[in-house]
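Working notes, beginning with the structure itself.
Every number here is computed from the coordinates shown, using simple stated rules; none is lab data. Everything quoted here is computed from the prediction, not taken from an experiment. Glycine also receives a Cβ, built like all others from the backbone with ideal geometry; neighbour counts cover every protein chain displayed.
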Amino acid sequence: MTEHIVRPDGAPPVNGYSHAVAFSGPMVVVSGQVPVDAAGRLVGEGDSEAQIRQIYANLDTALKAAGSGLDHVVKLTVFLTDLADLDTFRRVRDEHQNAARPPACSLVQVAGLVNPAFRAEVEAWAVIPPAS
């Protein structure tokens, strides 16, 4: 069971996230994903869109390996080194999530990530749906 409470009465407006998500059942927690491909190479040096697309590809791969998927994400934590990349993040995010059932989300600007060339990192919590 997953219930996305996008905007409860009395809560401020949202932009692509739910104020709360209630869920039960098995879940998976995905470590922060960075813009590195399967060979360990940086993708999109200096290009926030390419980096965020690679991050979502990595999230998708990790979630599928755990028996879940991007449609089952209940919480995202996003780290950006430059808030000028926020609109790009939102645009790419919106391509990968159901706008009617967005996950809860926190977004933080950070001074830097483990590799100075990384512009973003995203971690996720997701429900593992029952086998059909």
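Here are a few things to note about the model shown:
- DSSP-defined beta bridges in the chain - what % are antiparallel, rounded to 5: 75 percent
- Farthest toward positive dipole pole in segment 7-132 [+1 Lys/Arg, -1 Asp/Glu at C-beta], among Gln33, Thr77, Gly67: Gly67
- Taking the three principal axes of the alpha carbon atoms in the chain, the coordinate ranges are 39, 36, 22 Å, sorted in descending order.
- Point-charge dipole on Cβ atoms (K/R +1, D/E -1) for segment 34-132, about Cα centre, debye to 20: 280 debye
- Signed unit charges on C-beta, dipole axis of the chain, positive-most listed residue Ile52, Thr88, Ile5: Ile5
- Degrees separating the helix 48-65 axis from the principal Cα axis of the chain, which is the longest one: 50 degrees
- Sequence-ordered 3J(HN,Hα) estimates for segment 109-118 from the Karplus curve with 6.51, -1.76 and 1.60 and θ = phi - 60° stand at 7, 10, 6, x, 10, 4, 10, x, 7, 6 Hz, glycine and proline given as x.
- FRET efficiency for the pair Ala66 and Leu42, taken as 1/(1 + (r/R0)^6) with r the Cβ-Cβ distance and R0 = 25 Å, rounds to 0.50.
- Between Phe23 and Ala57, the contour length at 0.36 nm per residue exceeds the Cα-Cα span by 9.8 nm.
- Backbone phi angles across segment 86-92, fed through the Karplus curve with coefficients 6.51, -1.76 and 1.60 (θ = phi - 60°), yield HN-Hα couplings of 4, 4, 5, 4, 4, 5, 5 Hz in residue order; Gly and Pro are listed as x.
- Cβ crowding within 10 Å averaged over residues, with 123-130, 107-114, 71-78 ranked highest first: 71-78, 123-130, 107-114
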